[in-house]
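Below: one structure, written as C-alpha cells.
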Amino acid sequence: AQVSATGQSSYTWAASSSDPRALQVPGSSGIAACWYSFYSFTVDVNLTDGQSHQVALYLLDWDGAGVRNERVDVLDASSGNVLASQTLSGFNGGEYLVFNLSGHVQLRFTNVQTAITTNAVLSGLFFDPTA
C-alpha cells in the first residue's frame with residue numbers, strides 16, 4: 001500500500017503509557033498520538049495489488065472525555081464519489097472503523113463540531129493482507 005496524508009498535524013498525548021487505549025509498541029509500553037485537524041484532513045491510500053484488504057482505522061479521543069465528533073468518509077480517489085461514511089462521537093475509549101478496500105481511495109476525516117474547539121483525529125491505520 002502507498003499511503004500519504006495532507007492537511008494534518010501530528011500530536012503525541014503520551015509517548016509512553018500503560019493505558020489500554022494507547023497503541024502497543026512491540027517490546028515497549030504504549031503510545032497515544034494522532035494526526036489531527038481542526039477542520040479536515042485526508043489520507044490517500046493506494047492498494048496496488050488488485051486485491052481487497054481489510055483496513056482498520058483507530059480513532060481515539062484521549063483528552064476530550066467524549067467531546068470530539070467527527071465524520072470519516074471513504075472516497076474514490078479518481079471521481080471523488082463517497083463510497084462509505086460514518087460519524088463518530090464518544091470515542092474516548094478508542095474506536096475501530098473497519099472497511100474492505102481495494103484500489104485507490106481517500107480517507108477524509110472531518111470535524112463536525114459546530115464550534116471549532118476540538119479536532120478530527122486518527123491514531124492508527126492498519127492493513128490486513130487480504131480481505
Among residues of region 1-11 being closer than 24 Å to Q54 by Cβ and not in a strand (DSSP E or B), the residue farthest from the chain's Cα centre (by Cα) is A1
Of the residues in region 74-96 that are within 13 Å of the chain's Cα centre (by Cα) and within 20 Å of S10 (Cα to Cα), the one that is surrounded by the most Cβ atoms within 10 Å (Cβ to Cβ) is F91
Expected single match for buried (at least 16 other Cβ atoms within 10 Å of the Cβ) and over 17 Å from Y11 (Cα atoms) among L101, L122 is L101
| message | W62 - would you say it is among the hydrophobic types (A, V, I, L, M, F, W, C), over 21 Å from V3 (Cα atoms) and modelled with pLDDT of 95 or more? | response | yes
Inside region 50-72, the number of residues satisfying the requirement of being surrounded by 19 or more Cβ atoms within 10 Å (Cβ to Cβ), outside any loop (DSSP other than H, G, I, E, B) and free of Cβ contacts under 8 Å to residues at least 60 places away in the same chain is 3
Of the residues in region 12-49, those that are touching a strand residue (DSSP E or B) at 6+ places or on another chain (Cβ under 8 Å), under 17 Å from F127 (Cβ atoms) and part of a loop (DSSP other than H, G, I, E, B) number 1
Residue hits (region 12-27; modelled with pLDDT of 95 or more and either surrounded by 15 or more Cβ atoms within 10 Å (Cβ to Cβ) or on the phi > 0 side of the Ramachandran plot (or both)) are W13, A14, S17, R21, A22, L23
Of the residues in region 104-119 that are of a type in the set (A, V, I, L, M, F, W, C) and not in a strand (DSSP E or B), the one that is surrounded by the most Cβ atoms within 10 Å (Cβ to Cβ) is V112
Apart from one, (1) of a type in the set (A, V, I, L, M); (2) over 16 Å from the mean Cα position of the chain (by Cα); (3) closer than 24 Å to I116 by Cβ; (4) at pLDDT 95 or above all hold for V67; the odd one out is (4)
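The values are calculated or read from the model by the stated rules, or taken from the named source; none is laboratory data. Everything numeric in this text was worked out from a predicted model, so none of it was measured. Neighbour counts run over all protein chains shown; Cβ positions are idealised from the backbone, glycine included.
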